[in-house]
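Following: one structure in structure tokens, then a few remarks.
Rule-based calculations on the coordinates, nothing more; no lab input. All of these numbers come straight from a predicted model, not from anything done at the bench. Glycine also receives a Cβ, built like all others from the backbone with ideal geometry; neighbour counts cover every protein chain displayed.
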Amino acid sequence: MERSRFEEMFQLQSSHLTTQEKLQLFTSVFAGRYDVYAKNFINEQGKIQYFPSNDYGWKQLPPEKRSFQTLTNSVLKSHFRGEAAIGIFPMHLDDSCYFLVLDLDEGDWKEAGLTIRRIARERQMEAHLEISRSGYGLHIWFFFEEAILSRKARLFGKKLLELAMQESMQLSFDSFDRMFPNQDVLPKGGFDNLISLPFQGEAYHQGRTVFVDEHFQPYEDQWRYLQEIQRISTAKVALLIQEELGKQELDKELKVVLSNMIQLEKSSVTSKALFFLKNMASFSNPEFYSRLKLE
């Protein structure tokens, strides 16, 4: 079988790290829960689905008696070799996390990703771009210097998305549902949504599940890239959350069509104006939050 250009490039790179050092580095960067992880399988429709690494019969047991297989070095090695595809749960039992991920796979996700990266860099923070397993989407990773509450991490992500939506029409409010951690607190006896881990062997050798530069080219030494990961301080997280959004004044009339919804041509407004119009038209669902507290 002919090797891809990506695979040939990586074959020429000899990492200075031992296998054990790579494993230690990987677990220190992707510091989610290791007492449980997510396995994957292909369903009848040919789509990838994940499930917790449970011991047999876990659903029939009360939450305090359930047990799970831990994310060991052996499991990670099978992930790197392409024998498995592993997902990690970002939120710890105390509702904290060490990273936030934004998942983009709609519209011009490349433009949207670069917009978010630029906004972060303007505030002396780094957004780390990973090509998703499908090759048609992007995971944007933000790593924190220390554990922070998932609620604060999500407020941080929300503000980044709001700032980006003012500059790019490629982002919609759907992006707010694609943040990991996916909620502020863990539901009783449950898990937060998982995020698939990078460096999945089969995808890796096709140039996917790897970190890329602003031209969406993979960094030649992925392990060195992990060593040089820039983490974000809690002070910078707090500053971004407190940052106010700029005000937008509409300086011309807008032509709208009233039907079962209000419609207007995107080309007639700026990204910033469109964001504020969408923001005015959106509202939260209090019943959702009430149900979450009862779980």
- Message: Using the Cα centre of region 27-125 as the reference point, and only Cβ charges (+1 on K/R, -1 on D/E), how large is the resulting charge dipole? Debye, rounded to the nearest 20.
- Response: 260
- Work out how much length residue 35 to residue 49 would gain on full extension: take 0.36 nm times their residue separation and subtract the Cα-Cα distance, in nm to one decimal. 3.0 nm
- Query: Looking at 120, 70, 19, which one has the Cα that reaches farthest to the positive end of the dipole of region 18-130 (charges on Cβ: Lys, Arg +1; Asp, Glu -1)?
  - Reply: 19
